[in-house]
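Student: Have a look at this one before I ask anything.
Coordinate-derived values only; no laboratory data. Since we're looking at a predicted model, the values are computed, not measured. Counting neighbours? That spans all protein chains shown, and the Cβs are built from the backbone with ideal geometry, glycine included.
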Ligand SMILES: NC(=O)c1ccc[n+]([C@@H]2O[C@H](COP(=O)([O-])OP(=O)(O)OC[C@H]3O[C@@H](n4cnc5c(N)ncnc54)[C@H](OP(=O)(O)O)[C@@H]3O)[C@@H](O)[C@H]2O)c1
């Protein structure tokens, strides 16, 4: 099969297409990959900067959608099932393996590209908003990076699970359109977002961006507000003066979904079950950005660092 190898830690341009034997493991689900999601961790892996550091060379790719070609007995999965799966590694290939508890039957109305864009971002955001952030009916949610993969997922999920108002924060008008299309009630520009939304006006901030907007995010929170720390695409890790938390009765909440969910068998399944009715209804529908061929993996990975990407980047073998 064709696959993508990271064989040196020289960045996304150094990834290469290789021919490998088909993977096989009787205790795992074998999937003919129709689409693979591309995310920031894979970009970081090309430089050895992600916490998961496999021996070189390795096939990256944490998430795929495709068709089951073999499944362990008792897994509840059958040959021919359309599925979405977390592969963790190995997804940038024509065939991949996944744990049965991390493989989910895809509703017919969801495409492979959408399926490969769903689990990672939406389960993270479910964990963030519902399990860590305790979103309640009618609350106002502000979403940074609102045209990105996490951002669009957060807008849709907040609306589907009862938020009263969702405000998207973006850097360009074009990204504002993406955030609006995902369901944002209001869109504001990243520069000066606090003036636009007002101090003490939101209940939850979803923050996959970090950087120098962090203090203004804290200022935007009402009493009992929560700032959900998801990532640092701006590059720098903010520091908190904790007196702000005390004075305003607000919280900064860490959201580390990956290691937490992977080490608890069935956890991601519970999140999938909770989201499934909304996936079926179309309330949750991943925004697929650019689609690249497997051969163009370098270009797909490079696009993530240019701040030009909207929605989820997908590879199609
Ligand atoms: N904690 C967890 O469990 C978990 C799980 C999944 C992902 N994550 C993390 O969440 C973050 C976001 O992932 P994503 O898939 O949503 O990424 P994405 O689609 O690339 O979106 C990130 C957004 O960040 C904003 N941004 C601001 N400054 C930027 C810069 N200097 N370079 C690039 N983007 C910049 C951009 O929006 P504007 O241009 O509009 O500002 C962009 O749309 C990543 O760091 C990822 O590792 C964490």
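Student: Would you order 129, 44 from fewest to most other beta-carbon atoms within 10 Å of each residue's own beta-carbon?
Tutor: Least crowded to most crowded, the residues run 44, 129.
Student: Oh, and also: What residue among 305, 42, 94 has the largest mean-square fluctuation in a Gaussian network model of the chain, using Cα springs under 10 Å?
Tutor: Its mean-square fluctuation being the largest, the pick is 305.
Student: Let me ask you something else. Sort 8, 303 by Cβ crowding within 10 Å, fewest neighbours at the top.
Tutor: So the ranking, lowest neighbour count to highest, is 8, 303.
Student: Here's a follow-up. Can you put 4, 237 in order of Cβ neighbours within 10 angstrom, beginning with the fewest?
Tutor: 237, 4
Student: Under the rule of -39500 (n - 2.57) per DSSP H run of 4 or more residues, summed and divided by the residues of the chain, what mean residue ellipticity at 222 nm is obtained, to the nearest 500 deg cm²/dmol?
Tutor: -7000 deg cm²/dmol
Student: Of 135, 221, 245, which is the most mobile in a GNM of the chain whose springs link Cα atoms less than 10 angstrom apart?
Tutor: 245
Student: Additional query: Mind giving me the nanometre distance, one decimal, between the label points for residue 47 and residue 299, set 7 Å out from Cα along Cα→Cβ?
Tutor: 2.2 nm
Student: May I ask for the Kirkwood hydrodynamic radius of region 120-258, worked out over all distinct Cα pairs and given in angstroms to one decimal?
Tutor: Here the Kirkwood hydrodynamic radius works out to 14.3 Å.
Student: Here's something else I'd like to know. Expected output is a single nm value to one decimal: the length gained when fully extending between residue 22 and residue 307, i.e. 0.36 nm times separation in residues minus the C-alpha distance. What is it?
Tutor: Contour length minus Cα-Cα distance gives 99.1 nm.
Student: Over the chain, with a Gaussian network built from C-alpha contacts below 10 Å, which listed residue (54, 21, 238) shows the highest mean-square fluctuation?
Tutor: Result for the chain, Cα springs under 10 Å: 21 fluctuates most.
Student: Testing the spin-label approximation: label points 7 Å from Cα along Cα→Cβ at residue 283 and residue 242. State their distance in nm.
Tutor: 3.8 nm
Student: While we're looking at this one, here's another question. Apply the Debye scattering formula to region 203-290, with a single equal point scatterer on each alpha-carbon and no solvent, then give log10 I(q)/I(0) at q = 0.22 Å⁻¹.
Tutor: Per q value, in the given order, log10 I(q)/I(0) is -1.06.
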